[in-house]
Amino acid sequence: SVAVHQLDGVLAESGRYLSPSDIRKVVEEKTTPEIMTTHPISYLYRQVDEYLQNVNRRGKRGIASTQKTYCTALKRLENYCKEQHINLRSFDDFDKKFFTGFANYLYTCSYPKGDERKLYTQNTIINTLKVIKNLLHRSYDNEMTNNNYYQKVQTTLSADVSEQIYLQEKEIRKLAGMPVVHPYERQIRDMFVISCYTALRISDMQRLNEADIQNGIISLYQTKTKERVEIPILKEIAGIVAYYQANGFPTFGAAKANETIKELAKRCGINEIIHTKEYRGGTTHIKSLPKWQMISFHTARRSCITNLYKRGYPINYIMTLSGHRSVQAFQRYMRASSKELMHSFVNLLKKEKAL
């Protein structure tokens, strides 16, 4: 730093050398004022603001969706401090008492959703704590604090096990043949069906006009991972893809698209009752909902992965298509029941004449 060079010059004039203790003293003098005067939450917000410009340990810049997640977690932290009248004076205040209180707050506070208020799911609580730990870790690496209590905070609890549904291929065919009222419904129906056979996220479906589509392959860089995937165009969607390749793929918003696909699924009778289990506010809640009500565009991605697996295709092939980097992440998308998988396994054994 400039201060170190200045001290080196002063010492040189008197015939002295710069020692490690001299450097340490200068560093402490320069960093201590910032640590003392910077409010912890303000500094955490600054890290989030700089997130998109900084390069992480894997040599990649941050993505906007993750930055939004960080902001949401920080807002919950800020609300906790305001509502509980907690004054964070320094990073040393992130101790056992603080994290115990913050976790209890997350389990008991509610947020508005529609006409009612809901408690946070266990996944939301754990992910919030993970984000705060991540930001405190960055502060520790930046030498803003020597307090590393955050490492002891438990964030390895079991995930929320609410039922994540998928559509069987017969249900997808039923939806694909569903009559529509106006052109927008047709577009959303067709985009959903394409997603059911490509495992593309809705963020990538919204960018299909930018994809390279030729020789039966859709090739594009995924919005979330920035990784390039090459997806074979299965016969079930070849005609749909060709139509929109010639006429232009539609642009659409996620919220309205999800509402539309629910309505179409309801009209075509995808109404099996699904019993769901979720953890909210530290207790288990059991609900029974018609299947159409649980469908979103992400259901299409999950359906593609599960149905290709049920067809007997190897996991590593499907992971290449879906863009998953680990088997653990991939398996979270597998939603076929044990009975369904065993039936598929027996059919595969018969096909291979192993029985």
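Each reported figure results from applying straightforward, stated rules to the coordinates on display, with no laboratory input. Model, not experiment: these values are computed from the prediction.
Quick one: which of LYS174/LYS235; LYS266/LYS291; LYS97/LYS152; LYS113/LYS266; LYS174/LYS287 span more than 20 angstrom between C-alpha atoms?
Exceeds cut-off: LYS113/LYS266; LYS174/LYS287.
Could you give me the ³J(HN,Hα) list for segment 185-199, computed from phi with Karplus coefficients 6.51, -1.76, 1.60 and θ = phi - 60°, whole Hz, x at Gly and Pro?
Running phi through 6.51 cos²θ - 1.76 cosθ + 1.60 with θ = phi - 60° gives 4, 4, 4, 5, 4, 5, 5, 5, 5, 4, 4, 5, 10, 10, 6 Hz.
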